[in-house]
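Reviewing the structure listed below.
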Amino acid sequence: MAIVASLPGFNLFSSLPSNPPPNDPNSSTTSASPSPPIPIPKYPPPLKKSQNAPPNPALKTVHRRTKYYKPVRDGVISSDGDRAVVIGENGVSYLLPGAPFEFQYSYSETPKVKPLAIREPAFLPFAPPTMPRPWTGKAPLKSAKEKKLKRKVPLLDSFGPMTPGTSRVKEVVMARPVELGKYPKQEKTREEILGEPLKKWEIKMLIQPQLSDNRQVNLGRDGLTHNMLDLIHSHWKRRPVCKVKCKGVPTVDMDNVCRHIEERTKGKIIHRVGGVVYLFHGRNYSYKDRPQYPLMLWKPAAPVYPKLIQEAPEGLTKDQAEEFRKKGKKLLPICKLAKNGVYITLVRDVRHAFEGSPLVKIDCRGMHASDYKKLGAKLKELVPCVLLSFDDEHILMWRGPNWISMHQAAPSPSDTADFDILSSTGRGKDYDKPCKPDTKTVMTSPKMMSLWKRSIDSNKALLLDELDLDPDALLKKVEEFEGVSQATEHSYPALIVSSEDGTSRSVQVFEEVPQSDPYSEYDDYSDNYDYESDDDDAFYDSDSIPLGSLPVDVIIEELDHD
């Protein structure tokens, strides 16, 4: 080791050569950097997905991302034997052999206008009658029925007569139940299934357990669909009453929804509150004898219908329609509709709004575009009215040239140009001038008329003979009537009966009128009820009683005589 250490230019403790500084002019620029101690791993490049792979035809939707447009006319547009696609009064419907009626995707929300074209090829959304099985390399598994047929069953001698020409041949048959006869199955009518009408206590007993139960059928923007028919029968399998909860666009016309539910299911709606409907299957209902309909495997594409908004609606020119649309942007909406709400009073609110203004606006912000367009189509038929625009998620409507007021004797509407559309009262241009009182004859119900008549007879209301009264004269009339009405309000008929000795006195008590049982006449309510012949009028018959006399005054007067 001493010899090795004495060698020139050799150092046992020499360190690794360091990299020269970058500013060193003596350093060589061609020297390569030292390699790292661990090499960087090299991964294979990711596999590129084939972009030209053919899509699965079963998952392809023709009406999406395509411009398929095929005009159609009334009649059969596609057929496959007894199965056909038909265009008629109810839009697109499907005919199947043996079906009781034409099947549709939605029975309650189909527009009454005939479609112009379809957005996809006409095909049936049901399963085909026969579907061939693809070859998988082995025979298909046998069903339980086929296995039962392959069992070894005992053979019995036939009891029938021997056929001629078959001597020395013994016929054997399999053991089977004796058939007494085959009769055609008779379908029951709806009246036979429902049976006798339910009484009120029975309805209450059936509905009470389901008031707070969430086992229900949800009916949304598509209304009563075809697959809901089988869903309702599955609810009827466990319970006699099916709860149907309606929300969204169909609630604008709940009478239409209830009518279609009863027609298609053959049930009876026994209770309805808001958008909730309780459907009874009937006293003689049998789940085994229910009608079994094929299910729709997918939702068909909606056909093309005529446009709701026109540049020049009926009764207006193009310039007038544009002027109305400009004024409608500054008009305040009458209400704000929420998504998936219950719009039962919407038609009534629009009709009342048309009494004060020829234009009505509804705020639909936050709703789906198809929802408020369907709302506009329904309001156009139910109110009726003329649609002007759906701009800014608002429905703008005009009451139309043939608008008739809800009051029969109300004056006819004047020209639309004379109305101040931005005001809520619908006044004319000359509303600054002193106006005369506008008298209108309003037709009320018999119950209201009887209440008014009863109030006037009992001096609780005053009938004014003069209408052109100034405020001072009207105030004087009110003050005069106020004194009479207060005395009448605090007085009631009293009869002082004194005994022979004059020591005991009693006040005559009215006889109580027997109240009718609310459950006895549940099915006998009608709109033609005679309110004039009500038994409660006996309480208000005060012809024999002096007005303004208090019972205390009568008692004091008799004490003074004594």
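The values are calculated or read from the model by the stated rules, or taken from the named source; none is laboratory data. Being a predicted model, the structure only gives us computed values, none of them experimental. Cβ sites come from the backbone with ideal geometry, for glycine too, and all protein chains shown count toward neighbours. Only protein heavy atoms, including side chains, enter the accessible area calculation; ligands, DNA and RNA are left aside. Shrake-Rupley method; radii C 1.70, N 1.55, O 1.52, S 1.80 Å.
Points to keep in mind about this one:
- Here the relative contact order of the stretch 187-286, from alpha carbon pairs under 8 Å that lie six or more residues apart, stands at 35 percent.
- Added length on full extension, which subtracts the Cα-Cα distance from 0.36 nm per residue, LEU464 to GLU323: 46.4 nm
- Apportionment of accessible area to carbon and sulfur, the stretch 60-118, percent (1.4 Å): 49
- Separation in nanometres of the label points that stand 7 Å from Cα toward Cβ, at GLU311 and LYS67: 2.1
- Ordering of 120-127, 40-47 by packing is 120-127, 40-47, highest average first (other Cβ atoms within 10 Å, averaged per residue).
- Checked against a 19 Å cut-off, the cross-linked pairs LYS112/LYS361; LYS70/LYS380; LYS114/LYS374; LYS114/LYS268; LYS307/LYS327; LYS326/LYS380 give Cα-Cα distances beyond that limit for LYS112/LYS361; LYS70/LYS380; LYS114/LYS268; LYS307/LYS327; LYS326/LYS380.
- Heavy-atom accessible surface of the stretch 308-398: percent carbon and sulfur, 1.4 Å: 50
- Counting only protein heavy atoms and using a 1.4 Å probe, the accessible area of HIS233 comes to about 10 Å².
- Whole-Hz couplings from phi, Karplus 6.51/-1.76/1.60, listed for the stretch 245-253; x for Gly and Pro: 10, 9, 9, x, 4, x, 6, 5, 10
- Surface share of carbon and sulfur [accessible, 1.4 angstrom probe, percent] for the stretch 187-286: 47
- Residue-level accessible surface for ARG348, protein heavy atoms, 1.4 Å, Å²: 140
- Mean Cα-pair separation over length for the stretch 308-398, i.e. relative contact order, pairs under 8 Å, 6 or more apart, %: 33
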